[in-house]
Amino acid sequence: MADLPKEQFITTVNEDHEATCWGCGLRLLLPSHAPIFKCGWCGAITHQNMSKCESKSSWWRRLRDRCFVCVLIVFMLFVISGGVWAVYPIVFSISYFCGIFHSIIIMILSVTTLSSFSLAAFCCAGMPPSMQWGSFPAVRQGDLENYTFCHYCSKPKSPRTHHCRSCGMCILDMDHHCPFIGNCVGAANHRHFILFLISAVISTIYVTIMSIYAGLHLWPQLTYNFGRLNGFNRDMAFRVVMEIFLALLRSAVLLSTRGLVLVYLFISSVSVEIGLSVLLWQQLCYIYEGKTYLSHLSSQGNDEVGKKDCQNLFRFFGCPYSISRYLPNFWRSRKRHKR
């Protein structure tokens, strides 16, 4: 081996096999021209073929979000003011205490719903942590582990961060972009969004109950014309149902403006209540699994199963300990094993 010429130990490196890490700036020697590679020093992931795609419809999405937010605010104000105007004479006619109690409930639900909606809509959804990148001395080993580079924001993006084209920024722990609040649901406002859903569902249930109660006192007397009923069969049942329906239509024509507002409040509150209840249940299921909506979509093709635990719900709402910690001692005492 010592007699061999030195030229046989010299190898040439193809430029296609060399790449530069965006995280630390080190030049990496790849065994092949890989479009995606991970730096062995800082841990950053580089997508060489990733290019920035400008979205021409971003302005349309922003305009759509602003319109949805305005419509939702007007709807909530109409439900609050219309419900108070349509129900308060009937509630106060029962007793003064019932009227005061109803007013307190309306004020609490209105304040919690509007405040949680404002926090979810107008607060920042969550900024990713700022990291040093680009130069080898400043970036230490493992500082950018599994970080990627956002070509829209031109800065590092953590593994739990996604870029929202509607908001034009990267969102930490992004769940989804909600057009009705005109904002993303992320790490900073996810709790406010869930509180808004809970408050809105409770409010719509209360509006439904009170509109039914007040409507029964304002609805005109129904006039039936069943005629002579002999026996009971399918045709007779259909005739009874149609007669009741026609009686409701005839009496609805005689409704006052207050009664029509109650009918609208009942229909709108029931429809909104169903939609928000489904969305709330879906969100709580994702929180129970320790996931977000986007992480759930990305993990559908994988075999990884998140840890399902009620502790995830307690941590989400700001309680690091289980609820059993706050119970009396006899509730959380352990069972003694018999020897």
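The values are calculated or read from the model by the stated rules, or taken from the named source; none is laboratory data. In this text the structure is predicted, and so the values were computed from the model without any measurement. In this analysis, Cβ positions are derived from the backbone assuming ideal geometry, glycine residues included, and neighbour counts consider all displayed protein chains. With ligands, DNA and RNA removed, areas are computed over all heavy atoms of the protein, side chains included. Shrake-Rupley method; radii C 1.70, N 1.55, O 1.52, S 1.80 Å.
The string of couplings for the stretch 79-96 from the Karplus curve (6.51, -1.76, 1.60, θ = phi - 60°) is 5, 5, 5, x, x, 5, 5, 7, 9, 4, x, 6, 5, 6, 6, 6, 6, 5 Hz, one whole number per residue in order, with x for Gly and Pro. Near Met127: Cβ cut-off under 13 Å, other residues only, Lys/Arg at +1 and Asp/Glu at -1. The net charge is +2. Computed packing ranks the peptides 280-292, 113-125, 66-78 as 113-125, 280-292, 66-78, most packed first, by mean other Cβ atoms within 10 Å. Taking the protein heavy atoms of the stretch 42-152 in the context of the full set of protein chains, the accessible area attributed to carbon and sulfur is 71 percent at 1.4 Å.
Within the assembled protein chains, the solvent-accessible surface assigned to Ser154 is about 70 Å², based on a 1.4 Å probe. In order along the stretch 179-187, the phi-based Karplus estimate (6.51 cos²θ - 1.76 cosθ + 1.60, θ = phi - 60°) of 3J(HN,Hα) comes to x, 6, 9, x, 7, 7, 9, x, 5 Hz; Gly and Pro are listed as x. With each label modelled as a point 7 angstrom along the Cα→C-beta vector, the Arg315-Leu77 pair spans 4.1 nm. Highest mean packing comes first when the peptides 170-178, 308-316 are listed by Cβ atoms within 10 Å, giving 170-178, 308-316.
3J(HN,Hα) along the stretch 63-75, derived from phi through the Karplus expression 6.51 cos²θ - 1.76 cosθ + 1.60 where θ = phi - 60°, amounts to 5, 4, 5, 5, 5, 4, 5, 5, 5, 5, 5, 4, 5 Hz, with x in place of Gly and Pro. With the simple spin-label model, which puts each label point 7 Å out from Cα in the Cβ direction, the Ser256 to Gln132 separation comes to 7.4 nm. Anisotropy class assigned to the stretch 56-144 is oblate, per the alpha carbon gyration tensor with a/c at or over the 1.5 cut-off and a/b no larger than b/c. Take the Cβ atoms of Phe180 and Thr20, set R0 to 51 Å, and the FRET efficiency comes out at 0.75.
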